[in-house]
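Here's the structure, in structure tokens; my notes come after.
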Amino acid sequence: MEYNQSEFLIETIVPQDELIISRTDLKGIITYANETFAQISGYSVDELIGKPHNCVRHPDMPKRAYKDMWNKLQNQQQWKGVVKNLRKDTGYYWVHATISGVYKDDKLVEYKSIRVPISYDEKLKYQKLYDNYRNIDKENIRRVIYS
Ligand SMILES: Cc1cc2nc3c(=O)[nH]c(=O)nc-3n(C[C@H](O)[C@H](O)[C@H](O)COP(=O)(O)O)c2cc1C
């Protein structure tokens with residue numbers, strides 16, 4: 001997919017009264033997405049299900065955020081953090097995410113994530129922080145596109 005720089009800069013605002021919800025299998029493949037997730041990410045629910053969750057990974061996100069997330073999840077802990085996500089049309093949206101395990105008969109079977117909007121000041125703070133982390137870690141910009 002081609003993208004142009006102007007689309008890449010368009011933010012979608014997550015409404016205050018909406019929750020973005022998804023579940024994945026243990027490898028991070030989406031097994032459930034609510035309608036709000038579809039609308040905000042620009043995909044349909046059907047398109048999202050079966051895709052790896054990194055389909056919404058934004059190149060501004062530092063690798064260490066996901067490393068920390070997976071470490072926590074693999075140690076049966078909850079992860080909370082601020083995430084900038086990529087829309088299908090290459091725009092973006094910011095959320096605060098809470099990700100944790102889904103257990104059945106005490107066995108970890110899936111992961112779930114609930115996301116809520118954040119303030120403008122938080123977006124500025126995290127954009128600077130993540131830019132800084134990517135600089136420190138000398139990360140190359142990368143993006144994954146699933147058609
Ligand atoms: C329940 C759950 C929700 C996730 N939500 C997101 C998300 O909203 N955005 C995102 O970029 N990665 C999310 N991830 C992490 C991705 O699976 C992936 O690790 C991340 O995008 C980094 O991509 P990479 O592993 O290809 O580097 C989620 C993972 C799980 C288990």
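Of all residues in the stretch 31-74, those satisfying the criterion of being of a type in the set (Asp, Glu) and in contact with a strand residue (DSSP E or B) (Cβ under 8 Å, 6 or more places away or on another chain) are 60, 68. Every condition in (1) open to solvent by less than 50 Å² (accessible area, probe 1.4 Å); (2) in a loop (DSSP other than H, G, I, E, B) holds for residue 89 except the one numbered (1). If we scan the stretch 26-39, do we find a residue that is within 9 Å of the ligand (Cβ to nearest atom), out of contact with any Leu (no Cβ under 9 Å at 6 or more places or on another chain), farther than 13 Å from residue 111 by Cβ and not aliphatic (A, V, I, L, M)? For the stretch 26-39, residues within 9 Å of the ligand (Cβ to nearest atom), out of contact with any Leu (no Cβ under 9 Å at 6 or more places or on another chain), farther than 13 Å from residue 111 by Cβ and not aliphatic (A, V, I, L, M): absent.
Of all residues in the stretch 67-81, those satisfying the criterion of being part of a helix (DSSP H, G or I) and either within 15 Å of residue 115 (Cβ to Cβ) or polar (S, T, N, Q) (or both) are 69, 71, 74.
Which residue is most open to solvent (accessible area, probe 1.4 Å), if the candidates are limited to the stretch 63-80 and must be near the ligand (Cβ under 10 Å from one of its atoms) and closer than 16 Å to residue 128 by Cα? Walk me through it before giving the result.
Step one: of the stretch 63-80, the residues near the ligand (Cβ under 10 Å from one of its atoms) are 63, 65-67, 69-70, 73, 79.
Narrowing the set further to residues that are closer than 16 Å to residue 128 by Cα leaves 63, 65.
Values: 63: 108, 65: 12 Å².
Among those residues, the one meeting the criterion is 63.
Rundown of residues vs (1) touching a Phe, Trp or Tyr at 6+ places or on another chain (Cβ under 7 Å); (2) farther than 17 Å from residue 11 by Cα; (3) of a type in the set (Gly, Ala, Ser), yes/no style:
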{"position": "54", "(1), (2), (3)": "no, yes, no"}
{"position": "60", "(1), (2), (3)": "yes, no, no"}
{"position": "95", "(1), (2), (3)": "no, no, no"}
{"position": "103", "(1), (2), (3)": "no, yes, no"}
{"position": "110", "(1), (2), (3)": "no, yes, no"}
{"position": "125", "(1), (2), (3)": "no, no, no"}
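The values are calculated or read from the model by the stated rules, or taken from the named source; none is laboratory data. Every value quoted in this text rests on a predicted model; they were computed, and no experiment measured them. FYI the Cβ positions are ideal-geometry reconstructions off the backbone, even for glycines, and counts take in every protein chain you see. Please note that ligands, DNA and RNA were not included when accessible areas were found on the heavy atoms of the full protein model with its side chains. Shrake-Rupley method; radii C 1.70, N 1.55, O 1.52, S 1.80 Å.
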